[in-house]
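So the structure is just underneath, and the comments pick up after that.
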Amino acid sequence: LQLRRLQEMREEAAEYYRSHRVPQRVEEALNALFPLRPADLYGELANYFSKCSNAPVICKVVGRKVLDGVGQPTLEVEIHCTVKNYEKRICSAVMSSHSQIPENTSPKITESDEKERKESVNTAVEWVNESLNAMLRDLKPTDQHKADKMLGEYFTQKAEEKKEIQKHEEEAAALAFASCTPSSSALPGKKKAAKPGKKGTDAERVIPPPEPAEPVLCGSLAIGGTSLAVAKAGATVSHIPLYLHIALLKHNQDSPKEMTLPLPMVTLLNCDKISPAKLKLVKEVMLIPPVQLSLRQGIERVLDIQKEMMRLLDPPGNMPSPQLADSKKGRAHKTGKRAPPQALKRISHLGCLITGCDNLEQLLLLMQTACCNIALELGTDMYLAINCAAHELMDYVKGKYEILTGTFKSPDEMVDMYVELINKFPFIIALIDPLRKEDRQQWSNLCCALGSKCYLIAEDAATYISKLKTDQKINVPTCSGVVLKYINQTKVSDLIELTGLLDGQRHITILGSPDGESSDDSLVDLAVGLGARFIKLGGLSRGERVTKYNRLLAIEEELAKNRTLRKANLEFITFAEESQPEKQLSDVLLSPGQDSLPAQLSQPALQVPSLPAQLPENSTLT
């Protein structure tokens, strides 16, 4: 009986191995490896048979609360896969935190925002460890589209549940209010109380009110974090870099022959808008290296300028720098106005120097001096980009932007000011958020006036990715490009779809890092794989930002080694002269009937006049 059972087991084993073609594959492996006679025979056998193993599948998704670069809580998502019958940790992704409130907000609002953020992270961790963990089990990490579809459906379900809860709460509040409402005889008195406000009605009629911020669903970090983690896992199990994996997803698995690195917008100065300095128009001053340089050469040049800028902001003995001193030496010695105090020379959370200026000319003179001292010329050896963050400048009582302390300008006056600024200083080739997104007519006017010589980019003024993707008819201000940020419920598939749409409309894409950045460098791979024109990472300080620049340098070396690196170029957009106050996303860049860029924009390099050695003394940009 035992012999018969043993014989049956042998026959079953033989049939099992034959059904899986084991004898045939063993013979093929031995025949293939014998001529090679590898030193590690069993290692080569393991490599050979690993090609025949099943594709890895997700077996566990883990979420945990971690801290970002500014000490705020955020979400980390880990992906574990079953690889050759064993559970293996593949990768993790850390989401960057993003706040919608401006820097100069009240402490009470800031405290409320931090409380909401903590609650959102806790909810996101719960979603990942429970619902998403069960949902994604046995899914191939290379199937990004399916994973993102499942994540999107889950988010929609949660959003609908939230709406139902809010609807019931509003109905209950309305009933409670109705029971406490006084008699209707008191209502006419409320209309009379509105009369004193008539003085401000003109400004309110001219200045559109700010659009309400898009509500963020508590826990939405789980969607973006899990989508990014799946993308990283897909690249890892495919044994390719993340940027190539993203490029293959965007181009339907067609490997690009060449890839272009995004040009870095490196933040050099963070101008503190709440400091004693008067200038409020500028939030960030960024350096853009010329396209003729390699990325490494451009970063080194930026570091040289940063070193010189630190010297200018901290002259020996805290005395004014001779380069910046007033022509009247005695007056400069007594007042010392040209040298910012030592307290201002500190590092911002953006990884750059913090300073303040009294006017825009002082800031441009400081930049020009730093470059001239190391034999560089703005407009030839380096270009500038300015983040105006105009949404933080609007005084809704006056209906104007406060560009300097006590100096206000209407939206139309802002357009004239920017035209004068760019015409006088052509080395400024990009303005970010020069106006609020509500001032659509002025955006259109500004683009018609400056679009052919300067990038006019919407960051805060841009519509959120989720709205752009779900409703492409939504009105957005006319602009040259949009800063996209990977935050909240944004999925990798959303970025791929949206950047493909923007590429088709000749709209440049800039990937930007949020304020609360983490040490995860995936944003760089996303920018390279998606073919972004620029990448906005902050300054060359703080580890969570420097690690991304290091990743960008590593990708440049890899592409150059593989001979797949293509030089970037700068091409501006020519807008139609007629104003289009409300454009659809599909009409953002090209006028009706125009299906390609003008021929004069096909030049490979940017040509701008050089800056004179000294700024004009009679310049009055205020």
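Condition first: within 30 Å of ARG301 (Cα to Cα), aromatic (Phe, Trp, Tyr) and in a loop (DSSP other than H, G, I, E, B). Can you find one or more residues in segment 418-436 that meet it?
Looking through segment 418-436, at least one residue is within 30 Å of ARG301 (Cα to Cα), aromatic (Phe, Trp, Tyr) and in a loop (DSSP other than H, G, I, E, B).
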- Where a residue in segment 366-386 is modelled with pLDDT under 95 and its partner, wherever it lies, is β-branched (Val, Ile, Thr), with Cβ under 6 Å and at least six apart: GLY379/VAL608
- Within the bounds of segment 284-303, is there any residue that is surrounded by 20 or more Cβ atoms within 10 Å (Cβ to Cβ) and part of a loop (DSSP other than H, G, I, E, B)? yes
- Note on the structure: Of those in segment 68-99 that are among the β-branched types (Val, Ile, Thr) and open to solvent by 40 Å² or more (accessible area, probe 1.4 Å), the residue nearest to ASP521 (Cα to Cα) is VAL70
- Filtering segment 202-252 down to residues that are closer than 23 Å to LYS163 by Cα, surrounded by fewer than 14 Cβ atoms within 10 Å (Cβ to Cβ) and not acidic (Asp, Glu) yields PRO212, ALA213, PRO215
- Query: Which members of segment 374-395 meet the condition of being among the β-branched types (Val, Ile, Thr) and assigned to a strand (DSSP E or B)?
  - Reply: ILE386
- In segment 545-564, which residues are touching a residue at least 60 places away in the same chain (Cβ under 8 Å) and surrounded by 18 or more Cβ atoms within 10 Å (Cβ to Cβ)? ARG545, TYR549, LEU552, ILE555, LEU559
- Task: Output yes when any residue across segment 4-16 is open to solvent by 100 Å² or more (accessible area, probe 1.4 Å) and hydrophobic (A, V, I, L, M, F, W, C), and no when none is.
- Result: yes
- Which one of VAL285, VAL266 is touching a helix residue (DSSP H, G or I) at 6+ places or on another chain (Cβ under 6 Å) and either assigned by the TED database to the domain that holds GLU438 or modelled with pLDDT of 95 or more (or both)? VAL266
- Which of the residues belonging to segment 417-451 are among the small types (Gly, Ala, Ser) and in contact with a Pro (Cβ under 8 Å, 6 or more places away or on another chain)? SER444
- Top-ranked residue in segment 483-518 [being closer than 19 Å to LYS146 by Cα and either touching a Cys at 6+ places or on another chain (Cβ under 9 Å) or of a type in the set (D, E, K, R) (or both); ranked as surrounded by the fewest Cβ atoms within 10 Å (Cβ to Cβ)]: GLU497
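Taking segment 534-544, which residues are surrounded by 23 or more Cβ atoms within 10 Å (Cβ to Cβ) and on the phi < 0 side of the Ramachandran plot?
Within segment 534-544, PHE534, ILE535, LYS536, LEU537, GLY539 meet the criteria.
The values are calculated or read from the model by the stated rules, or taken from the named source; none is laboratory data. From a predicted model like this one, the values you see are computed outputs, not experimental measurements. With ideal geometry, Cβ positions are generated from the backbone for all residues, glycine too; neighbour counts draw on all protein chains shown. Areas reflect the complete protein model, heavy atoms only, side chains present, ligands, DNA and RNA absent. Shrake-Rupley method; radii C 1.70, N 1.55, O 1.52, S 1.80 Å.
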